[in-house]
1. Considering only residues that are surrounded by fewer than 22 Cβ atoms within 10 Å (Cβ to Cβ) and β-branched (V, I, T), which ones fall in segment 261-301?
2. Within segment 350-375, track down each residue that is closer than 15 Å to I395 by Cβ and out of contact with any strand residue (DSSP E or B) (no Cβ under 6 Å at 6 or more places or on another chain).
3. Just one of A365, A403, A389 is surrounded by 20 or more Cβ atoms within 10 Å (Cβ to Cβ) and modelled with pLDDT of 95 or more; which is it?
4. Among Y394, Y381, which is the only one that is assigned to a helix (DSSP H, G or I) and among the aromatic types (F, W, Y)?
5. Is there a residue being in contact (Cβ under 8 Å) with a residue 12 or more places away in the chain and over 22 Å from A302 (Cβ atoms) anywhere in segment 388-407?
6. Is it the case that A179 is without any contact (Cβ under 8 Å) to a residue 60 or more places away in the chain and small (G, A, S)?
7. Of all residues in segment 148-172, count the ones that are more than 18 Å from A61 (Cα to Cα), small (G, A, S) and surrounded by 10 or more Cβ atoms within 10 Å (Cβ to Cβ).
8. Give segment 326-375 a look and list any residue that's touching a helix residue (DSSP H, G or I) at 6+ places or on another chain (Cβ under 7 Å) and of a type in the set (D, E), or say none.
Amino acid sequence: MMRRMNADGIGTVLIGHLKVGVVLAALLATDNAIADSDKYVDNMRGRALATVGDCVACHTAPGGVPFAGGLALQTPFGVIMTPNITPDDATGIGRWSRDMFARAVHEGRRPDGSYLYPAFPYPYYTKVTRQDTDAIYDYLRALAPVSNSVNRNTLPFPFSIRSAMLGWNALFFSSGDFAPDPKRSEEFNRGAYLVEGLGHCGACHTPLNALGANKADHFLQGNNIDDWTAPNITNDARIGLGNWSVDEIVQYLRTGQTRTSLASGPMKEVVENSTSKMPDADLKAIATYLKERGAAGAPAPAPPSASDPQMRIGEAVFIDTCSACHMRTGAGVEHIFPRLSGNAIVTQDDPTTLVRIILTGTRGAGTDAAPTSPAMPSLGYRLTDSQLAAVVTYIRNNWGNAASAVTADTVKALRDRVSNPSLQAISR
């Protein structure tokens, strides 16, 4: 009897411990699930932020593994190879701490203290919050490590002397967090944070000085990059976004097209890799900021007369070659062939994009929201430099457009560069 009671008592105790163990296991499983869920949410946030920064565009070589580096950026000072930012210990950022990563992003300094070049847009990234840089770091650390050694010392002398960046930074770089404007709306300030910081829009859309720094007094007023025109994106009515609504800007950033415009060239990649994957609230904030911050652009030049010989040749070329798609009125076809009348790309001070599209052809962006990417065939094979210059001049000065004339020498120079990439001087 005693043995039975002892056995029963022991059994009761064991059952009690088992129940406690089950409860503890359930609690631990719940805690782990919560931790995994939190980690997933943080990872997705870091991924979203890396998407805003379009990190994959520069840190992926053609045909390479995303973020493994090796893309050759052609600059006016020579070639810069982009680094591997996967968490590989030997060739990536596997041994970087959060502080090291934040220092690179905010100050343009490597873990060993040496300087990065502003092809990495740390003059913009310095405004990104530490919370956001930590989230990006955590996301990159969650990627699969890729072994890809990249030569990071490709600039010729004297640009290869990284310590020279000390002087460049003293002249052109001011570190510091983003400061919201208390007189502006929360949406405006969110847009400012994205455009001036992580989105680094000015890195492409602001002209550079002789030392490769953005001209602060010409912020977002247009630039030439990869032999394309990064257009004026101030609220200027002639060559900027003055005639665009907030909704049209959002649509363009989300889909790569509007009723009248299509994203091409480097902006095609930005839309496909970055803006099309951003939430509409952020796109609207960007559009609000761009529309409200002001306009800046040069006055329109006087257009040449319709009797000008170049305009008459241009008209003949347009009727024969372009009017079937873009219409004789320059109205185009919605979502397929861009409108040429009142098109800000057409009237940019720099005609490079219009010349290049006709010369080499192009394909618009393809996104989840607008998967069909309309294309423009190359016409360079059938048009001489003089004919192409004439039709571009005609398009830039018809249907109410007004812009400078284009010369055959300008077309020839671009034709030579795009047919021989080693001649390209890419401002990036």
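The values are calculated or read from the model by the stated rules, or taken from the named source; none is laboratory data. None of the values given here were measured: they were computed from a predicted structure. For neighbour counting, all protein chains shown are included, and Cβ atoms are generated from backbone atoms with ideal geometry for every residue, glycine included. Only protein heavy atoms, including side chains, enter the accessible area calculation; ligands, DNA and RNA are left aside. Shrake-Rupley method; radii C 1.70, N 1.55, O 1.52, S 1.80 Å.
1. V270, T288
2. Hits for segment 350-375 are P351, L354, V355, R356, I358, L359.
3. A389
4. Step by step, each of Y394, Y381 is checked, and only Y394 is assigned to a helix (DSSP H, G or I) and among the aromatic types (F, W, Y).
5. Yes, because at least one residue in segment 388-407 is in contact (Cβ under 8 Å) with a residue 12 or more places away in the chain and over 22 Å from A302 (Cβ atoms).
6. yes
7. Residues in segment 148-172 being more than 18 Å from A61 (Cα to Cα), small (G, A, S) and surrounded by 10 or more Cβ atoms within 10 Å (Cβ to Cβ): 3 in total.
8. Residue satisfying the conditions is D368 alone.
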